[in-house]
Amino acid sequence: MIRLTALLFTAALLASPLAAESAAPGPLPDGSHNTEPGLPSGAPERGEIDHEALRRRSLDVLERQFGAFDSAAAGLAEVAAAHCTGEVSEDALKAQFAATWLAWAPLDSYQFGPIQNTGAALTVNFWPDKKNFVGRGLRALLELPPDQQADPSVVAGASAAAQGLPALEMLLYTDLPLCPAVVGISGYMAGLSHEVYQQWFGADGWADLARTAGPDNPVYRTAEEFTKTLYTAVDFGLVRVAEARLGRPLGTYEHSFPTRAEAWRSGLTDQIIHAQLRGLEDLIEFGFAGDVRDPDRAWILQIFGQAHDRLDAIGTTISEAVEDPATRFRVESLQDKIAYLRSEFARTVGPELGVDTGFSAADGD
Amino acid sequence: MPRPTLRLAALLLSAAPLATAAHAADPAAVVANYADIAHAGFEDSLIRARELNAAVDALIAAPSDATLDAARAAWIAARVPYQQTEVFRFGNPVVDDWEGKVNAWPLDEGLIDYIDPMLGANDENPYSVVNVIANPTFEISGTTVDATEITPALLESLHEIDGIEANVATGYHAIEFLLWGQDLNGTGPGAGARPASDFDPANCTGGNCDRRVAYLKAATDLLISDLEDIVAAWGEGGQGRADVTADPLQGMVMAFTGMGSLSYGELAGERMKLGVLLHDPEEEQDCFSDNTHASHFFDGVGIRNVYTGSYTRIDGSIVEGPSLQDVVASADADLATNLLSDLDASVAALGGLVASAEAGTAYDQLLGMGNPEGNALVQTAIDALVAQTRNIERAVDVIGLDGVGIEGSDSLDAPNAVFQ
């Protein structure tokens, strides 16, 4: 039970606004310092980027981020099972649920490789849900006998919309029966999160694929191509924040859509945005590191900081803010800031790394 | 019914030029040919839409199984050229702004006509069961809408009403729903089965046949006028043509952006992967007619057309000229060939969906929860579409175009020497 307690404590800390504020750039979240800051400051010119070093550092960042989600999801499965046997409270379950979603948030930016192969972007977080797929998928699951609802292998065969965080949120924040479906869904998600981690960092995983970039590599012909992939991921993550996470609830001035805000039921909308932005900052500061000149890197991180400030200045949840003209403009000004961040990132970091964005999952409509 | 067949696929593939550069790689000529192919594709779409309109007139004049079948066949035939134009959408603002009028999807069809409320009602959309055909007046956001006369203008005003994308009142899929009705077979065999008597005011089934007829006619007329607009946009002096030819480098960025964006984010992602993950039979683009296999296939053919600079028109004639492939080949012959192989592979994989449908297993059945082989067949096509975007990106790099994938990119300031 000690492990469970520690886990719950960590979850509560992660889910608290205080923790959300404390992760400013600096030492790595695990307390260690990056031993390989890249080239010394002072203008690496185009063509002098050490793509191999950038890759090594960035893979460290990714491994930490994917590892954090894997741990959080495993913890959630454990807490869910303990809740359904009466060992832990629903509040504790909600705290671990929040911690898991915030651990997922940075990974939303990396919709290539293992996340794409496993379909995790949709199975972990089926959003936006334009046609109530989550409700329908969940209803079908809840019609099954209890022992099947609790079985991750049964959930594996269900609709993707019933397999992840939005389905858990609907169980936790509506009148639907929480147990035992919460056990089956969180158990399935724990398995998937581990699968994604293994496909990245296990033997012959995507990380190895990136490390062995070369003419015969099926994906990365050069180390620079992996840099391009990471660079595209940053741009993609910012698009997701501006266009989906803010744009969908904003709608138009005449008609906003409060319930299109991600995770509006649990009120995690704003913290998810903080967490996704922090994940990208992490990649830029400790992954791209010295291969982006100091002044430019600092400038980009400064704009990230301004975006966090604007998000905090909204003063209410995005779901509530979009409806009231007095607060709506604050959401719009955050959206403007993200757009500015994106263009400054493209103006400074892209040319310095000698890469431009490639195609991403954001290219459809 | 003139269903697209694999023989047709083979024909299309053999009509394309060989991998060797047959034309000089002059960017201005490449984008001019690109615009010619766009114009021809949209013109073919217009021709087929007019044929569809004639078939709809015949259905209205004498509703019967035969006239309904003929109208359905005309709709399926109309999709063949249209889907090949989808590659012009992403990256071309004129097309992208216009496209939603004719090809918006997915739709809450209960806005238009009667549905099975267990299948199609959407809690997120208060208008998902408005049923315009049954209701001459109804309320939208507190305002009463007068729909006593169903006209193209009325349908335009209802399209994506209240900012909800699923409120699709116009275009191919609205017409498809009217001709077929809801597919109530889930992931089992069978498409929508609307009876011809739904269009027969004298022996009306489904209620309000006169209004259903009016809706079908208005939607078909509107499709024609919308297609006329886009044909004009790609003609001499049109905005679509001007956008890609004014600056040939920018034009080539648009062409590659269209190829990659349709391959990856749109077709592989939004239209295919989502359906496999949801195992939902309504997550297929042509869900009423079960024509999705063909729509996806001709999307793939269209991507290949743009690269090879060759389009086989519906009358069998060929529009061809200097191509993106020629430009890539002049910089890196191996890459040019590899990208062509990728595109051949995705067209072949999408052809697998066509073969499955022709053998009796429709696309929606492939999505079924207990059908791992079917799921895998769709996944193979997804993988091929994703894979080809890597060589599309490399092609952009090798010919020195920056900015692909970025909307409104201004990063064209370092054109490679190959263009000088």
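Any read-out appearing in this document is the output of simple, stated calculations on the displayed coordinates, not a laboratory observation. Computed from a predicted structure; not experimentally measured. Using ideal geometry, Cβ is built from the backbone for each residue, glycine included, and neighbour counts are taken over all protein chains shown.
Averaging 1/r across all pairs of distinct Cα atoms in region A:212-257 and inverting the result yields a Kirkwood radius of 12.8 Å. Equivalent-ellipsoid semi-axes for region A:111-198 (Cα gyration tensor, √(5λ), whole Å, largest first): 21, 15, 10. Taking Cβ atoms as reference points and 12 Å as the exclusive limit, the residues near B:G235 contribute a net charge of -4, counting Lys and Arg as +1 and Asp and Glu as -1. The value for region A:275-314 of Rg(Cα) / (2.2 N^0.38 Å) is 1.19. Simple rule: put +1 on each Lys or Arg Cβ and -1 on each Asp or Glu Cβ in the protein assembly as shown, find the dipole, and look at A:F236, A:L54, A:C84; the Cα lying farthest toward the positive end is A:C84.
Dividing the summed -39500 (n - 2.57) terms of all DSSP H runs of n ≥ 4 by the residue count of chain B sets its mean residue ellipticity at 222 nm at -17500 deg cm²/dmol.
Per-residue Karplus couplings for region A:117-123, computed as 6.51 cos²θ - 1.76 cosθ + 1.60 with θ equal to phi - 60°, are listed in order as 4, 8, x, 4, 4, 8, 6 Hz, Gly and Pro entered as x.
Helix-only arithmetic for chain A: the sum of -39500 (n - 2.57) across DSSP H runs with n ≥ 4, divided by the residue total, places the mean residue ellipticity at 222 nm at -19000 deg cm²/dmol. Taken residue by residue and averaged, Cβ atoms of other chains lying within 10 Å of the Cβ of B:151-164 number 1. Kirkwood hydrodynamic radius of region B:279-322 from all distinct Cα pairs, in Å? Value: 12.1 Å, from the Cα pair sum. The calculated FRET efficiency for B:A246 paired with B:S141, based on their beta-carbon distance and R0 = 51 Å, is about 0.80.
Distance from the C-alpha centroid of region A:259-283 to that of region A:124-148: 22 Å, rounded to the whole angstrom. Residue-normalised convex hull volume from the C-alpha trace of region B:253-378: 117 Å³ per residue. When each of B:D57, A:D309 is scored by the number of other beta-carbon atoms lying within 10 Å, the sequence from fewest to most is A:D309, B:D57.
Scanning residues 5 or more positions from B:I140 or on other chains, those with amide H under 5 Å from its amide H are B:V145, with H placed 1.01 Å from N in the peptide plane.
Of B:M272, A:M170, the sequence from fewest to most neighbouring Cβ atoms within 10 angstrom is A:M170, B:M272. Normalised by the number of residues in region A:306-354, the mean separation of alpha-carbon contacts (under 8 Å, six or more apart) gives a relative contact order of 36 percent. Projected over all directions and averaged, the alpha-carbon convex hull of chain B occupies 19.7 nm². For region B:213-269, what class follows from the C-alpha gyration tensor (a ≥ b ≥ c being the square roots of its eigenvalues): rounded when a/c is under 1.5, otherwise prolate if a/b is larger than b/c, else oblate? Taking the square roots of the gyration eigenvalues as a ≥ b ≥ c, region B:213-269 is oblate. Legend: Rg and Dmax of region A:52-92, from Cα coordinates, 16.0, 50 Å.
Averaged over the residues of B:274-281, the number of partner chain Cβ atoms lying within 10 Å of the residue Cβ comes to 6.
Taken residue by residue and averaged, Cβ atoms of other chains lying within 10 Å of the Cβ of A:350-360 number 6. Footprinting exposure proxy ranking of A:H255, A:H194, B:H296, fewest other C-beta atoms within 10 angstrom first, gives A:H255, A:H194, B:H296. For chain A, the C-alpha radius of gyration divided by 2.2 N^0.38 Å, with N the number of residues, is 0.99.
Could you tell me what % of all Cα pairs in region B:295-343 have separations over 14 Å? I get 54 percent for the Cα pairs in region B:295-343 exceeding 14 Å. Structural descriptor for chain B: relative contact order 23 percent, calculated from alpha carbon pairs under 8 angstrom and at least 6 residues apart. Please check chain B for the longest run free of GluC sites (Glu not before Pro) that are loop-located per DSSP (anything but H, G, I, E, B) and have at most 12 other Cβ atoms within 10 Å. Maximal segment without exposed cleavage sites: B:237-420. Each other residue within a Cβ distance under 10 Å of B:W98 adds +1 if Lys or Arg and -1 if Asp or Glu, for a net charge of -3. Across the protein assembly as shown, Cα-Cα distances exceeding 42 Å account for 31% of all pairs. Here the Debye sum runs over all C-alpha atoms of region A:134-290 as equal scatterers in vacuum, and log10 of I(q)/I(0) at q = 0.16 Å⁻¹ comes out as -1.07. Across region A:56-157, Cα-Cα distances exceeding 22 Å account for 42% of all pairs. The alpha carbons of region A:282-357 stretch over 43, 20, 17 Å along the principal axes, in descending order. Among the lysines, select those whose C-alpha is under 28 Å from the C-alpha of A:K337, and discard any that sit fewer than 8 residues away in the same chain. Correct list for A:K337: A:K130, A:K228.
I'd like the distance between the alpha-carbon centres of region A:156-181 and region B:56-125, rounded to an integer number of Å. With region A:156-181 and region B:56-125 each reduced to a Cα centre, they are spaced 34 Å.
Sorted largest first, the principal axis extents computed over the alpha-carbon atoms of region B:57-163 equal 42, 40, 29 Å.
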